[in-house]
Amino acid sequence: MDVTREFGLRNVSSHCSISEMDDYDLTKLLDKPRLNIKREKSFDERSLSELSIGLARGLDNFESSYSPGGRSGLDTPASSARNSFEPHPMVAEAWESLRRSLVHFRGQPVGTIAAYDHASEEVLNYDQVFVRDFVPSALAFLMNGEPDIVKNFLLKTLQLQGWEKRIDRFKLGEGAMPASFKVLHNSDRKTDTVVADFGESAIGRVAPVDSGFWWIILLRAYTKSTGDLTLAETPECQKGMRLILSLCLSEGFDTFPTLLCADGCSMIDRRMGIYGYPIEIQALFFMALRCSLAMLKHDAEGKEFVERIVKRLHALSYHMRSYFWIDFQQLNDIYRYKTEEYSHTAVNKFNVIPDSIPDWVFDFMPMRGGYFIGNVSPARMDFRWFALGNCIAILSSLATPEQSAAIMDLFEARWEELVGEMPLKICYPAIESHEWRIVTGCDPKNTRWSYHNGGSWPVLLWMLTAACIKTGRPQIARKAIELAESRLLKDSWPEYYDGKLGRYVGKQARKYQTWSIAGYLVAKMMLEDPSHLGMISLEEDRQMKPVLKRSSSWTC
Ligand code: GLC
């Protein structure tokens with residue numbers, strides 16, 4: 001079967017040779033006259049099935065109107081009208097701080113630094129532009145009708161991807177995107193140069209697997225928000241996508257469609273026992289695959305990737321929805337698992353020993369609600385709940401509509417634990433004592449209920465808000481935003497909060513952390529105008545059939 005034809009996504013231009021772009025000038029691409037195309041809302045919301053139907057009917061520009069969530073959909077929060085007339089005083093302050101964090105390269109803004117914290121003695125690498133940290137900044141600029149900085153960033157990081165990357169004597173994969181970069185200004189020579197970190201300087205020397213995925217997701221957000229297809233269609237962006245994809249679609253010894261990762265290769269960038277198949281990466285992987293599918297050209301080089309992506313998406317969604325999903329019923333089933341089963345008939349496929357289920361999860365699991373657990377591999381299920389993975393699962397439609405609703409049910413049922421006094425816990429629960437020693441390697445920054453180990457990260461507010469809007473529950477987002485508003489500015493926009501309820505400013509938290517600022521702005525703007533959601537959300541693909549067993553939260 002010709003998958004390319006079946007899933008034909010777009011018009012393919014015939015000139016598709018990939019030109020080398022070793023050290024091209026950013027401005028060359030930027031100086032092209034900007035096409036001011038009307039907001040294009042549809043091309044990447046089409047499901048695979050819709051696309052195949054569209055193609056069969058000979059429709060090249062399949063249009064579908066946008067509708068977030070399934071149920072109450074766009075019941076725009078009542079406060080939105082109020083907000084648009086009386087913006088919260090924090091909004092102006094936030095914009096000012098966000099603009100102060102801008103980084104320029106040869107006169108053009110290319111990103112935002114991680115934190116603008118003059119009081120802090122230790123700058124470490126917080127004066128750099130982190131790829132993942134820039135995402136909420138980028139969304140804020142896009143929502144505010146300022147796409148140029150996002151385009152500059154996408155091109156700058158694409159250029160960095162072309163660098164040869166080494167750690168000691170080992171050469172990293174071609175497609176790797178940096179965790180961060182820094183612009184060095186030489187005032188004598190009046191030159192700007194860039195240094196990038198692909199993991200070779202990072203604490204722990206881990207390459208960021210999430211950077212490439214965020215880059216693809218951001219390229220789609222830019223395209224979606226501006227309607228400017230020309231950037232994603234450049235041979236350079238097409239090649240950039242393919243390079244990222246070849247890193248994660250390559251065949252190896254894996255028996256699972258999930259992506260095998262080292263510990264600390266994402267937002268949680270230090271040892272936290274998330275090696276293997278962490279939910280955070282799997283959800284971003286899924287989303288990046290879907291975004292690529294909408295943007296890749298079906299030319300000689302792109303076609304093969306499209307076919308591989310389609311196959312992987314089917315296997316990945318099946319695997320995640322079947323084995324990572326947990327709710328009351330599923331937990332009860334695992335609790336009663338038999339072990340040492342051999343052959344295809346095994347129910348307990350990964351030979352998980354029920355005794356390894358931690359006590360806390362029995363109390364934590366509500367009768368109604370569910371979530372994707374942290375990790376699944378042979379004889380190991382990490383039952384911890386992770387915010388980013390679950391929110392991205394909703395936004396990418398990795399979660400079925402029923403699963404998305406169940407994740408939101410869990411938020412409501414476990415508000416104290418997951419939100420408490422400051423949105424949002426990065427993961428739940430914290431690991432302590434002996435387990436902390438073994439899992440984190442005695443990491444003093446990751447003590448219980450601090451930083452990555454159960455700390456509360458304001459940046460996650462934008463993802464929560466987006467998930468709320470998508471599932472038609474804006475009132476949850478409103479509650480969370482109000483909590484943030486009661487403290488963030490007063491506390492000078494900390495990077496994270498500590499404690500079971502997230503009540504204390506994090507022990508080593510930076511102040512004026514850019515993604516805390518931008519995350520707040522994005523949450524505010526989305527709630528005010530929910531149509532912004534489209535740039536960071538993908539509709540369900542009806543071809544990927546849910547494989548869930550009945551769950552208590554299905555009845556809602
Ligand atoms: C910390 C965080 C990481 C973030 C970086 C810059 O290392 O763990 O997620 O990207 O700071 O803010």
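A short reminder: the numbers here are calculations on the coordinates, not readings from a lab. Source: prediction; values computed, not measured. All Cβ positions, even for glycine, are placed from backbone atoms using ideal geometry, and neighbour counts span all protein chains on display.
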Against the 2.2 N^0.38 Å rule of thumb, the C-alpha Rg of region 132-198 sits at a ratio of 1.31
What ranking, highest mean first, results for peptides 266-276, 129-139, 409-419, 306-316 when packing means the other Cβ atoms within 10 Å averaged over each residue?
129-139, 266-276, 409-419, 306-316
Added length on full extension, which subtracts the Cα-Cα distance from 0.36 nm per residue, Ser201 to Leu229
6.6 nm
Compute the FRET efficiency between Glu540 and Ala92 as 1/(1 + (r/R0)^6), taking r as their Cβ-Cβ distance and R0 = 35 Å, and round to the nearest 0.05.
0.40
What does the charge count around Tyr275 come to, taking other residues whose C-beta lies under 11 Å from its C-beta (Lys +1, Arg +1, Asp -1, Glu -1)?
0
Between region 445-504 and region 104-165, what's the alpha-carbon centroid distance in Å?
22
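Going highest first, how would you order 498-504, 345-351, 534-540 by mean Cβ packing within 10 Å?
534-540, 498-504, 345-351
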Strictly greater than 16 Å: what percent of every Cα pair in region 459-549 meets that?
58
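Among all lysine pairs in region 91-228 that are eight or more places apart or on different chains, how many have alpha carbons less than 20 angstrom apart?
Lysine pairs meeting both conditions in region 91-228 amount to 8.
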Take the Cα coordinates of region 301-455, assign each an equal point scatterer, and use the Debye formula without solvent to give log10 I(q)/I(0) at q = 0.14 Å⁻¹.
-0.80
Cα pair distances of region 119-264 binned at 5 Å [whole percent]
2, 8, 17, 20, 20, 16, 11, 5, 2, 0, 0, 0
Compute and list, largest first, the equivalent-ellipsoid semi-axes of region 402-451 from the alpha carbon gyration tensor, each √(5λ) rounded to a whole angstrom.
27, 12, 8
Between Met367 and Glu485, 0.36 nm times their residue separation minus their Cα-Cα distance comes to what?
39.3 nm
Spherically averaged projected area of region 235-390 from its Cα convex hull (nm²):
10.7
Can you give me the distance in nm between label points at Phe253 and Ala315, each placed 7 Å from the Cα along the Cα-to-Cβ direction?
1.7
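How large is the Rg to Rh ratio of region 185-252 when both quantities use alpha carbon positions and Rh follows Kirkwood? Don't skip to the answer; put the middle values down first.
Working: Rg = 16.0 Å, Rh = 14.7 Å.
Radius of gyration relative to Kirkwood radius: 1.09.
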Inter-site label distance for Leu501 and Thr191 at 7 Å from Cα along Cβ, in nm:
5.6
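If r is the Cβ-Cβ distance from Val123 to Asp529 and R0 is 30 Å, what FRET efficiency results, to the nearest 0.05?
Details: r = 36 Å, r/R0 = 1.21.
With R0 = 30 Å, the Cβ-Cβ based efficiency is 0.25.
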Find out how many positive minus negative residues lie around Val209, taking Lys and Arg as positive, Asp and Glu as negative, among other residues whose Cβ is under 13 Å from that of Val209.
-3
Equivalent ellipsoid semi-axes - Cα gyration tensor, region 335-410, angstrom:
25, 15, 11
Percent of alpha carbon pairs in region 380-478 separated by more than 20 Å?
38
